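Trainee: Provided herewith is a single structure, encoded as structure tokens, for subsequent inquiry.
Values in this text are rule-based calculations from the coordinates and carry no lab data. In this text the structure is predicted, and so the values were computed from the model without any measurement. Glycine also receives a Cβ, built like all others from the backbone with ideal geometry; neighbour counts cover every protein chain displayed.
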Amino acid sequence: RPVLHLPRHWPRAKPWQGTVVSPMDIMVTRNAWKTVATNVVPQHWQHSDSVDSTLPAWNYYRESIRNGQLPLWNPTNSGGIPGILNLTSEILSPFFWPYLLTEKRGYGFHAGIILKLTVTGMGMFWLLRSFVGWWPAVLGGIVYMLCGFNASWLFVTATSVTAWIPWFWWALERDLRV
């Protein structure tokens, strides 16, 4: 099952050794963090949205849910935005659940990314498996999982949508076949 193992290795992070898949190196350019790591040169400028917007919102939602509150409103972002009612918050997405359920946020973020890549690749695998053999389906799942859009926007909510597109077409194809 190569499609199942590739998401685990592709992001090049080793959460058990303290590294995670996230552009956290950008934080050392902020005044509050400049003294923490003076020798770090940021490599991930293009993914600053996850540091500036996604992770602070996820932290708020995580703490709210863990304290037994339903986060209908997020007061920490731009004076306030809808919480669970904002579909781009991903609170209802299974890709947020590892972040919510794990004690260490870095592990949860990494597990969510691995889950997103696995769902993406497996969805395309099963869709292609309806039409072609096993090896072409494996290759197609890997190519779709790591395509330019998914790789470039991995930390953005748009890839949560692209993860489910093959599953939609697979279900529709199976429904129409019967």
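Trainee: Show me 113-119, 130-136, 162-168 ranked by packing, highest mean number of other Cβ atoms within 10 Å first.
Mentor: In decreasing order of mean packing, 113-119, 130-136, 162-168 become 113-119, 162-168, 130-136.
Trainee: Here's a follow-up. Do me a favour and compute the ellipsoid semi-axes for the range 46-178 from its Cα gyration tensor, root of five times each eigenvalue, largest one first, whole Å.
Mentor: That gives 32, 16, 13 Å for the three semi-axes.
Trainee: Within 15 Å, Cβ to Cβ, of residue 70, how many net charges do the neighbouring residues add up to if Lys/Arg are +1 and Asp/Glu are -1?
Mentor: +1
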